[in-house]
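K.L.:
Attaching a single structure in structure tokens format; questions to follow.
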Amino acid sequence: MPVLSWLSKSLVFPEPAPLITDSIVYPAGAGYVSAVQPLPATAGSLFLGDNLAVMMALLPEYEGKINLIYADPPFFTNRRFAARVGRGEDSRKPHEWQLADGYTDHWEDIEAYLDFLYPRLKIMHRLLAETGALYLHLDWHADAYARLLLDEIFGPARLLNEIIWCYHGPSPIRSAFNRKHDTILVYTKSEEYTFNVDDVRIPYDINTVKTFAASPKAGFGKTPDLERGKVPEDWWYFPVVARLHKERTGYPTQKPEALLERIVRASSNVGDWVADFFCGSGTAPLVASRLGRRFIGCDRIFRAVHTARARLVQQGGTTPFLIQQAQSPGTPSAFSEAPRFLLGQDVVRLASDTTTLDYWEVDPAWDGKIFRSAAQAARPLNSQPIASEVRLPANSEISSVCIRCVTVAGEQMQVTL
Ligand SMILES: C[S@@+](CC[C@H](N)C(=O)[O-])C[C@H]1O[C@@H](n2cnc3c(N)ncnc32)[C@H](O)[C@@H]1O
């Protein structure tokens, strides 16, 4: 079997990250309990930190247990992606966009990139359940290399699909065809794998329906079940999350929820574990949570974990989830001008300008250890102002009220009332 080799190829694994539970988030206060007691059952966790060290830390508990891994790593584009703040900017006037730190996809060479990818794919393989699948999302920059790595790790016979995701969009290219597809390599851990074909059927093409209506013999003896729909092909069309797209968070290279929905429905069941160790804005954890799966999300950028958390709070399920950190949380940075909050009867009000705030949350009985987020306000995706008041759950014991805030620029601050 051909195997990809490069000079620095080796498998060196770091020490497992010491994981610290930073906060437990009760979306809109659902199920909130203030007393210090064992943490409740959660829908999942978001981890802030390098995913290799995080995965090493998860191995003892999760080896062979994760049913689906979606991996959308940097593509080896050698670009730096900024986050965009707000919506609807003019794509012809980049100098007018309001930008914030995003993530980098910058490598010395392909060897450095493969040194990064190879051990991570190896650990993902260990984490997968026997019936599990890995969906590795890349494009023309590195998909051919990755396929050889996956053949080596999973075995070439475990390639289930090479999915082509097609989309439209502007491009400056004039000397080649526009590069408008990504490649998703799907490998299963074993021959026995989850594939819920009836959960991902789509309507037949209108021309097929017309043909069979006109001539039932058109299929040479095979009549498709037009009501039930067809199994999708291995090429998919979903629009990209562009500037006016209603899902857009501003986090760079955000993937559409419809793409993740098809993957999660096909390759996992309710209650299963779905992991995304390059979660960015949290599309996979959000979709997994909505579809009743448990989730693990990880990213090394604070903005990513913050965006994923805000999306889960606004649009995910109601089960609490954890934010865990692979390094000490440290002291949140101070803003130049601290927002002011007022405590009322079961409510907390923001008494300053709301325009720069992206998110704020309240722990009504902060114990100085794990932040129990009992109420949250997140800036709506349509750029409307953030709510200036949140209601505390009815059973809140109010003692040391602590508020954590994040600005649109990504600054963090903590205020105690
Ligand atoms: C292509 S983006 C993922 C986008 C995501 N699928 C979404 O829908 O928003 C890749 C992400 O991988 C993260 N990343 C890169 N290297 C990482 C590492 N070593 N550990 C954790 N996250 C990493 C980046 O910060 C970035 O957010």
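The values are calculated or read from the model by the stated rules, or taken from the named source; none is laboratory data. From a predicted model like this one, the values you see are computed outputs, not experimental measurements. Cβ atoms come from the backbone with ideal geometry, glycine included; neighbour counts cover every protein chain shown. Heads up: the accessible areas ignore ligands, DNA and RNA and are worked out on the full protein's heavy atoms, side chains in. Shrake-Rupley method; radii C 1.70, N 1.55, O 1.52, S 1.80 Å.
K.L.:
Answer rounded, prolate or oblate for region 111-204, using the Cα gyration tensor with square roots of eigenvalues a ≥ b ≥ c: rounded when a/c is under 1.5, else prolate when a/b is larger than b/c, else oblate. Kindly include the intermediate steps, with their values, before the conclusion.
P.N.:
Details: a/c = 2.80, a/b = 1.24, b/c = 2.25.
It is oblate, given that a/c is not under 1.5 and a/b is not larger than b/c.
K.L.:
For the chain, with only Lys/Arg (+1) and Asp/Glu (-1) charged at the beta-carbon, what is the dipole magnitude about the Cα centre, in debye rounded to 20? Mind showing how you got there, number by number?
P.N.:
Values: 43 positive and 47 negative charges, 198 e Å.
Around 960 debye, computed over the chain.
K.L.:
With +1 assigned to the C-beta of every Lys and Arg and -1 to the C-beta of every Asp and Glu, and no other charges, what is the dipole magnitude of region 341-416 about the Cα centre in debye, to the nearest 20? All intermediate terms of the calculation are to be shown ahead of the outcome.
P.N.:
Details: 6 positive and 9 negative charges, 14 e Å.
Roughly 60 debye, rounded to the nearest 20.
K.L.:
Past the 23 Å Cα-Cα mark, which pairs from 65/246; 65/189; 122/369? Don't skip to the answer; put the middle values down first.
P.N.:
Values: 65/246 34 Å; 65/189 12 Å; 122/369 34 Å.
Cα-Cα > 23 Å for 65/246; 122/369; rest within.
K.L.:
Given the DSSP H assignment, sum -39500 (n - 2.57) over each helix run of at least 4 residues in the chain and divide by its residue total; what's the result at 222 nm in deg cm²/dmol, nearest 500?
P.N.:
Details: 7 runs with 84 residues, N = 417.
Estimated from H runs of four or more residues: -6500 deg cm²/dmol.
K.L.:
Right, another one. HN-Hα J couplings of region 136-151 from phi, Karplus 6.51/-1.76/1.60, θ = phi - 60°, integer Hz, Gly and Pro as x?
P.N.:
9, 9, 9, 9, 4, 4, 9, 5, 5, 5, 5, 5, 5, 5, 5, 4
K.L.:
Can you give me the Kirkwood hydrodynamic radius for the chain, using every pair of distinct Cα atoms, in Å to one decimal? Display every interim value, and only then the final one.
P.N.:
Values: mean 1/r = 0.0433 Å⁻¹.
After inverting the mean inverse Cα-Cα distance, the result is 23.1 Å.
K.L.:
Residue 195 versus residue 157, label points 7 Å from Cα toward the beta carbon: distance in nm?
P.N.:
1.5 nm
K.L.:
Now, a different point. Given the chain, what percent of its DSSP beta bridges are antiparallel, to the nearest 5?
P.N.:
On the way: 46 of 72 bridges.
In the chain, approximately 65 percent of DSSP beta bridges are antiparallel ones.
K.L.:
Also: Among 386, 164, what's the order by accessible area (1.4 angstrom probe), most exposed first?
P.N.:
Working: 386 10, 164 45 Å².
Ranked from most to least accessible, the order is 164, 386.
K.L.:
Using +1 at the C-beta of Lys and Arg and -1 at the C-beta of Asp and Glu, which of 31, 54, 213 has the Cα lying farthest in the positive direction of the dipole of the chain?
P.N.:
Of the candidates, 213 comes out farthest on the positive side.
K.L.:
Could you tell me which residue out of 359, 381, 394 lies farthest along the dipole of region 300-415 toward its positive end? Charges go on the beta carbon: Lys and Arg +1, Asp and Glu -1, centred on the Cα centre.
P.N.:
The listed residue farthest towards the positive side: 381.
K.L.:
So what's the gap between the Cα centers of region 170-201 and region 1-64, to the nearest angstrom?
P.N.:
26 Å
K.L.:
How many nm is it between the label spots at residue 41 and residue 338, if each spot is 7 Å from the Cα in line with the beta carbon?
P.N.:
4.0 nm
K.L.:
Counting only protein chains, not ligands or nucleic acids, how are 274, 415 ordered by accessible area (probe 1.4 Å), most first? Display every interim value, and only then the final one.
P.N.:
Values: 274 5, 415 30 Å².
So the residues, ranked largest to smallest area, are 415, 274.
K.L.:
Here is a further query. Pop out the carbon and sulfur fraction of the accessible area of region 80-200 as a percent, whole number, probe 1.4 Å. Provide the component values of the computation, followed by the final result.
P.N.:
On the way: 3000 of 6190 Å².
On region 80-200, the fraction of accessible area on carbon and sulfur atoms equals 48 percent.
K.L.:
Taking the alpha-carbon distance from residue 217 and a cut-off under 23 Å, which lysines remain once sequence neighbours fewer than 8 residues away in the same chain are dropped?
P.N.:
Excluding near neighbours in sequence, the set is 230.
K.L.:
Under a point spin-label approximation (7 Å from Cα along Cα-to-Cβ), what is the residue 290-residue 202 distance to one decimal in nm?
P.N.:
1.7 nm
K.L.:
Continuing with this model, one more query. Just to make sure I understand: if all protein chains stay in place, what is the order of 124, 1 by accessible area at 1.4 Å, largest first? Walk me through the numbers before you get to the answer.
P.N.:
Working: 124 0, 1 135 Å².
Ranking 124, 1 by accessible area, largest first, yields 1, 124.
K.L.:
Let me ask something else about it. How much accessible area per residue does region 341-416 have, in Å², with a 1.4 Å probe? Intermediate values should be presented prior to the final figure.
P.N.:
Numbers: 3270 Å² over 76 residues.
Averaged over the residues of region 341-416, the accessible area is 43 Å².
K.L.:
Now for a separate question. Which loop-located trypsin sites (Lys or Arg not before Pro) does region 111-176 contain, where loop means any DSSP state but H, G, I, E or B and the Cβ has at most 12 other Cβ atoms within 10 Å? Provide the component values of the computation, followed by the final result.
P.N.:
Working: sites: 120, 122, 126, 147, 158, 174; in loops: 174.
Here the sparse-neighbourhood loop sites are 174.
K.L.:
Then there's this: How about region 188-270: which chymotrypsin sites (Phe, Trp or Tyr not before Pro) there are in a DSSP loop, with at most 12 other Cβ atoms within 10 Å of their Cβ? Numbers along the way, then the final one.
P.N.:
Working: sites: 193, 195, 204, 212, 220, 235, 236, 237; in loops: 193, 195, 204, 220.
Those satisfying the criteria are 220.
K.L.:
For the charge dipole of the chain, defined by +1 on Lys and Arg C-beta atoms and -1 on Asp and Glu C-beta atoms about the Cα centroid, which residue among 107, 127, 241 has the Cα displaced farthest towards the positive pole?
P.N.:
Checking the options against the dipole of the chain, the answer is 241.
K.L.:
Next question, about the same structure. Accessible area of region 341-416 with a 1.4 Å probe: how many percent of it is carbon plus sulfur? Mind dumping the intermediate values first?
P.N.:
Working: 1530 of 3270 Å².
Carbon plus sulfur share of accessible area: 47 percent.
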